[in-house]
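Written below as structure tokens is the structure these notes are about.
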Amino acid sequence: MAARRVIADPRVAARGGEVRPLDDHGPPRRSRGRARAGAGLALLVPAALILGVVVARPVVTVVQDSFTGGGARPAGAGHYLDALTDPQLGTDVVNTLSWALVVPVVVTVIGYLLAVFTRDVRASRVLALAFIPMALPLVVTGTAFRILYHPSPRLGPATALAQAVAGWFGAGPDQPQLLGAGLVTPALMSAFLWAWLWLAAVLFRAAIDQIPPGVEDAVRAEGGDSWRVLRDVQWPFLRRTAAVVFMLLAVMASRTFDLVLIMAPGSVQHSAEVLGLYVLRQPTVEASGEAAAVGVVWLLVVGTAVLLGARWVRYDWPAPAATWRRSPPDSWWRRARPGTSRPPGRVRSRRWLLRRVALGAVVAGWAVPLVLLALVSSYDPIEPATRGWLAVPTGSSYQALAGSGVLDTLLPTAGMGVVVSATVVVVAALAAYSLAWLRPYGSAAATGALLLAAIVPIQVIAGPLHDVLAPLRLQGTVLAPVLVHIGRGIPLAVLVLRNAFGAVAADRVARARLDGSTELGVLARVVVPAAWPALAAVAALEFILVWNDLVVGLLFGGSEFTPVAMALFGQSRQFTTSAGVLAAGALVASVPPVLVALLARKAIVAGLISGVSR
Amino acid sequence: MTGPAVTRRSLLKAAGPLLLPAAGAVPLAAAGCAARDDPVEIFVMWSGGELAAFLDTMDEFERETGRRTRTVPVGEQVRELLRARFNANNPPDLAIVPLPGLIREYARNGRVMELDPAAGRHIPASLNQTVTVDGRLYGLWVKAAHKSLFWYRPSALAGAGPPATWGELVSLLRRAAGAGQPPLSIGAADGWVLTDWFENVLAGLDGGATYQRLAAGEDLWASDVVTAALVRLAEVWSIPGVFPYGPRRALLTQFEESVFEVFAECRSAVVFEGDFVDAVIGRLNAAGRLCEEPETFRVPPVTGGPPPLVVGGDVAARMNDSEGSRELVEWLARPESLAGWIKRAGFLSPNRTVPIGTYPPGRGQQLAAELRAADQFLFDLSDQLGGRLSAGQGRGMTKILTEFFQSVATPGGHPDRPVRAAQRRLVDAARGD
């Protein structure tokens, strides 16, 4: 078994005759197949039910509303025409597309380069820092970057630097304004990049470390350059990682509207606006057909893009029955792999030193926004506004925070995170096992459906979703955001878990079945123990997503529940004078998700790459 | 579909074993059953010092009535948040917002509770009128704002007294800017500052006649008076060197920062905004950061006549029929309830029975008297507009004036074209295109 080579490309595997079909084991095919199909469907029921209620039904209603809902014109295609004549919509479409496409491409590419750059650095503790920015609520990231880019060079170091540099080239004293209309969207994206880049790098690093030693050296020995190494050696192994990074970031980036709300000053809000805000900022009090029409167009655009993407990376969400895999491999953080491709001698050590220094500089640069937050939080709230950098630390911002009500939201937010992530893990594990090992009729279409469900923007379906929640008497209760979060979390959780479950050795599953285990027994005794990193990763990521949430709290929260991100956001109206309290609150609100991310970082990396790079 | 009780129970049951280890889940689950003594939830747009003052006021309410309150500062996104909460069938008990137009819209949709007419008996009729639909009162004015003031540093005007006409104001600003001392601070990042500028110029143009007709919903946006208002605005905003850190920075400067530029940094001479500037100055004073005692002058009229008086303020509306919201509105309507806030600087009560002596001596009493004595004032226009002109963030009048500011204040453009463009967009927005 161990002698079998792991093959990156399933097509090669099929040609090589190394595919071992599941059905070689067990009792005669027919009866067993029917029982499995029944179990397979049964395990899918909870996930399907929740997604049906929270996603599918509301989407259907939005499509109906876009033709028949109330608005300036009564019915038909009128709402689409009305929506298209609004010039603001053009800005929002362009912004949203850049978020959904440009940002993931940039993060994927730079993340890869960083991974290569750091490949001979064994300092996994330094790389663990990667998990701090990723785990922060976007409201916190936005606060830090709004301080960094503050229009006053006395308060915003980045502005001071940019204006000094521009000054040499003869720009006016108030140029450039990093949060001005022209630069605000790149500024927002840089905050997002800061948050996610290192996670991408760590994932690529883990994948690169699993490339069989020697292959790269062989290519180099034959005179291959770096480009050939990338194309012929690394790419087949990294394609799946690239796909996961890209999808994850596309989903995260297209959901981003927290950053726009917290970072963009009022005068550039319309320049930075994304579709998520357009749908929210309709001019009428009642939900309108126009907003629904915009939502449908948005769904069509993003949906088409994702389905095309999924087609392109078809092999990256592989059907697990088609290949077999070994259990999650030993990883770079457990045993340092010997450097195999380092050139020997003096050249190496000099280059190594340079890289160390450069890496140190990058990590230090990465810490700047957080250091700023800590500084500003230590001032009296009036200090940043009047004096900038030359202030005496006091605790008065924290005192003001204590009186602001923000702290009261911490415990409920944590409770929500725990309940939601536990439920998501259980429901998604059942569905993922079914899709990975039972493959009931229709599961081939599941990938596309789950991807689509993952990208449905909650703003678009908020109205109809309320109509679904109303007869369940969940509206306005704390269970409404719980259910919405669960529905939002399940699709990605199922996709990640399915890949991880599929990576469990086929013979172990087959043996358990032969021993007479029920499917639930196989799941509990074989698959779960083998795939625990993925389960832990999903639970941790889900907790972080819920803790950091702004939009679900905004749309579905109520008198019973306000998430901490909402409470922080409420403090931000006059930003400069609130910066002290905001920064103090931001630091407090960052502790739980950062702790979870750091504790679960190994699981997150292993879980996200298992079943991906093999 | 199964009954609601079953569904909720089964959901909890499914999550049950997972709930147990979670400490946070206990308050979560307990919150599912509504208690009789739920706190009164109040949406407000205040922040900073004003929010702190309101929270103190609510402490008093809690002490006197034994009820609990929960104040939610919602910032500029109040329209979006209110709509979301109405969609969720879970509106707050009370919203105290400076948006009578929005409250009227909600009232017409049957979403705001009618108030006992007695609630408004101490409030000027013209204010009550802004929150009346079909003869029914839907809002209680809690806070008034005198929005026709310039705040200045006397030493910066170099003995030249405050200007009496708009022309004098413009030439004063020109002189100072020409002398290399940028005189004017403006918080152009906050759209409402720009709409307040526009409203004061418009109100000073033809005795406020066009202003009133626009407020009443007449389609006069294409009129010459609106053109003139935009031209006058462009005249001030396009003076080279008028803003202390340049126009691009001004566009990203918020209201409170603009006050700091004048009174904490002594970087410029004048800032325009309402009586509530006093609250910001009070905070500076308390922190020992006030660089010079402020003085005020009224916004001079553009075409003669008395100086305009534009009034804004915050109005409380009951968003649901809870006992708590009823009690709070009754409490807020009493003249003595807000005495604590009134004694601080930067708060004017719309209640006519509040003795002028309650206000802080000097400027506070003077502004309160000015507001009280005005037999005719104009209510903030942008706060009354609905539909596409409605001045939400990045929308309507806010967006139009922001882009107008951007095009006239940044050097290089002739002001005529921006004026025409802004007016055309106002007309289009008013007609719902």
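Check which residues have an amide H placed less than 5 Å from residue A:210's amide H, if you skip close sequence neighbours.
Amide H neighbours of residue A:210, under 5 Å, 5+ apart: none.
Hey, with R₀ at 56 Å, roughly what FRET efficiency would residue A:154 and residue B:376 work out to, going by the Cβ-Cβ distance, to 0.05?
The computed FRET efficiency comes out at 0.80.
Nearest 5 percent is fine: what portion of the DSSP beta bridges confined to chain B is antiparallel?
Roughly 60 percent of the DSSP beta bridges within chain B come out antiparallel.
So in the protein assembly as shown, what percent of DSSP beta bridges are antiparallel if you round to the nearest 5?
Working: 21 of 33 bridges.
Taking every DSSP beta bridge within the protein assembly as shown, about 65 percent pair in antiparallel fashion.
Return the Rg/Rh ratio of segment B:297-433 with Cα-based radii and a Kirkwood Rh.
1.07
Give the long-range amide H neighbours of residue B:395: residues separated by 5 or more places, or on another chain, with amide H under 5 Å away, using H modelled in the peptide plane at 1.01 Å from N.
Correct list: empty.
Under 13 Å between alpha carbons, and skipping anything fewer than 8 positions from residue B:143 in its own chain: which aspartates and glutamates qualify?
B:50, B:275, B:314
Computed on alpha carbon atoms, what radius of gyration and Dmax characterise segment B:356-410, expressed in Å?
Considering segment B:356-410 through its Cα atoms, Rg and Dmax are 17.2, 46 Å.
Can you give me the Cα centroid spacing of segment A:164-222 and segment A:452-518 in angstrom?
Between the Cα centre of segment A:164-222 and that of segment A:452-518, the gap is 33 Å.
Enter the per residue convex hull volume of segment A:138-185, computed from alpha-carbon coordinates, in Å³ rounded to the nearest integer.
Values: hull volume 3.2 nm³, N = 48.
Per-residue hull volume (Cα only) is 66 Å³.
In nm, to one decimal, how far is the residue B:165 label point from the residue A:363 one, both placed 7 Å along Cα→Cβ?
7.0
With r defined as the distance between the Cβ atoms of residue B:327 and residue A:307 and R0 fixed at 56 Å, what FRET efficiency is calculated, to the nearest 0.05? Don't skip to the answer; put the middle values down first.
Values: r = 55 Å, r/R0 = 0.99.
About 0.50, to the nearest 0.05.
Residue B:417 versus residue A:165, label points 7 Å from Cα toward the beta carbon: distance in nm?
Spacing of the two 7 Å Cα→Cβ label points: 3.1 nm.
Once you have the Kirkwood Rh of segment A:69-223 from its Cα pairs, apply Stokes-Einstein at 4 °C and 1.567 mPa s and quote D in µm²/s. Each step should come with its number before you reach the end.
Values: Rh = 19.4 Å.
Value of D from the Cα-based Kirkwood radius: 67 µm²/s.
With the Cα gyration tensor of segment B:315-390 giving a ≥ b ≥ c as the square roots of its eigenvalues, does the rule (a/c under 1.5 for rounded; else a/b larger than b/c for prolate; else oblate) give rounded, prolate or oblate? Each step should come with its number before you reach the end.
Details: a/c = 2.49, a/b = 1.18, b/c = 2.10.
Oblate.
Which distance in nm do the two modelled labels at residue A:64 and residue A:354 give, with both placed 7 Å along the Cα-to-Cβ direction?
6.6
Could you work out [θ]222 nm for the protein assembly as shown from helices alone, using -39500 (n - 2.57) per DSSP H run of at least four and dividing by all its residues? Round to the nearest 500 deg cm²/dmol.
Calculated from helices alone, the mean residue ellipticity at 222 nm is -17000 deg cm²/dmol.
What shape does segment A:510-614 take by its C-alpha gyration tensor, where a ≥ b ≥ c are the square roots of the eigenvalues and a/c under 1.5 counts as rounded, a/b above b/c as prolate, and the rest as oblate?
Verdict is prolate for segment A:510-614.
How would you classify the protein assembly as shown from its alpha-carbon gyration tensor, with a ≥ b ≥ c the square roots of the eigenvalues: rounded for a/c under 1.5, else prolate if a/b is greater than b/c, otherwise oblate?
prolate
Calculate, for residue B:175 and residue B:291, the FRET efficiency according to 1/(1 + (r/R0)^6) with r their C-beta to C-beta distance and R0 22 Å; round to the nearest 0.05. Intermediate results must be reported in sequence, preceding the final value.
Details: r = 22 Å, r/R0 = 1.00.
Efficiency, rounded to the nearest 0.05: 0.50.
Report Rg (one decimal) and Dmax (nearest whole number) for segment A:399-505, counting Cα atoms only, units Å.
Rg then Dmax for segment A:399-505, in Å: 17.3, 59.
Where a number appears in this text, it was derived from the coordinates with a stated rule and is not lab data. None of the values given here were measured: they were computed from a predicted structure. Here Cβ is always computed from backbone atoms with ideal geometry, including for glycine, and neighbour counts include all displayed protein chains.
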